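Undergrad: Here it is: the structure, laid out below.
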Amino acid sequence: MINDLARRCDAPVFEPHVTIHVGADRADAAKNALGAAARKCKLIGLTPLGIDQSNEFIKTLFVQFDMNAELSKMNRIIREAANDSSQYELKPHLSLLYKNLAVATRRELAASIDIPLSEVTFDVIKIVRCVSPAKSRADVEGWRVVAAASLSAFRFCAVLARRRCKQECQLTFSRR
């Protein structure tokens, strides 16, 4: 769906994800937080509440999810392990499109989408170096994964990426 919307609207393609924390660009703290979350948390199943849209670039068109205990726990573990005083407020959603569009177009797109699942399961957590908040196609295309861990079985891999930005922890789907 993301790829199709990106093609139709001339927008950036990105990996489906739910951002669970945005903090300072401190790789050591972010990797500690990733390891703590992967060890202490399990697969995360989120219940979609509906499709929504906004004039905010990072929430152009999105699936809003219900908050649950496991996601709140993960957010708390990451904040504590990263020793981060970030003011990021977790409002779980999965963006479907990043593009500045007229309100009528956003509403039409939102109304045309049905959510095919009653629950979406996330099994990977990643640290992504990014400009935050993203305000342009270039910002989205500049996202780089720094590290990732599986929530189902602790596996850790680090990827070098250098850019002066913020660290973002995201839940993502694995491709199976």
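The values are calculated or read from the model by the stated rules, or taken from the named source; none is laboratory data. Bear in mind that the values here come from a model prediction, so they are computed numbers and not experimental data. Backbone-built Cβ (ideal geometry, glycine too); neighbour counts: all protein chains shown.
Undergrad: Search segment 132-141 for residues being buried (at least 16 other Cβ atoms within 10 Å of the Cβ) and at pLDDT 85 or above, and hand back the single one that is nearest to H17 (Cα to Cα).
TA: Among those that are buried (at least 16 other Cβ atoms within 10 Å of the Cβ) and at pLDDT 85 or above, it is V140.
Undergrad: Filtering segment 87-120 down to residues that are under 13 Å from N55 (Cβ atoms) and of a type in the set (G, A, S), which residue is nearest to the chain's Cα centre (by Cα)?
TA: So the residue we want is A110.
Undergrad: Quick check on segment 69-107: of everything there that is in a loop (DSSP other than H, G, I, E, B) and without any contact (Cβ under 8 Å) to a residue 60 or more places away in the chain, which residue is farthest from C9 (Cα to Cα)? Quick ask: steps written out before the conclusion?
TA: Initially, segment 69-107 is screened for residues in a loop (DSSP other than H, G, I, E, B), giving 83-92, 98-102.
From what's left, without any contact (Cβ under 8 Å) to a residue 60 or more places away in the chain: 83, 85, 87, 89, 91, 100, 102.
Numbers: N83: 39, S85: 37, Q87: 32, E89: 29, K91: 25, N100: 10, A102: 12 Å.
Checking each candidate, the answer is N83.
Undergrad: While we're here: Please enumerate the residues belonging to segment 108-150 that are outside any strand (DSSP E or B) and in contact with a Cys (Cβ under 6 Å, 6 or more places away or on another chain).
TA: Of all residues in segment 108-150, those outside any strand (DSSP E or B) come to 108-119, 123, 131-143.
The answer is V131, W143.
Undergrad: So which residues in segment 103-132 are closer than 30 Å to N32 by Cβ and among the aliphatic types (A, V, I, L, M)?
TA: Selection gives V120, V124, I125, I127, V128, V131.
Undergrad: If a residue has to be surrounded by 13 or more Cβ atoms within 10 Å (Cβ to Cβ) and acidic (D, E) to count, how many in segment 98-130 make the cut?
TA: Residues meeting the conditions: 1.
Undergrad: Moving to a separate point now. Of all residues being among the charged types (D, E, K, R) and in contact with a strand residue (DSSP E or B) (Cβ under 8 Å, 6 or more places away or on another chain) in segment 1-58, which is farthest from M74 (Cα to Cα)? Just the residue, please. Lay out the reasoning, then the answer.
TA: Of segment 1-58, the ones among the charged types (D, E, K, R) are 4, 7-8, 10, 15, 25-26, 28, 31, 39-40, 42, 52, 56.
Narrowing the set further to residues that are in contact with a strand residue (DSSP E or B) (Cβ under 8 Å, 6 or more places away or on another chain) leaves 15, 25-26, 31, 52.
Details: E15: 20, D25: 19, R26: 19, K31: 14, D52: 24 Å.
The selected residue is D52.
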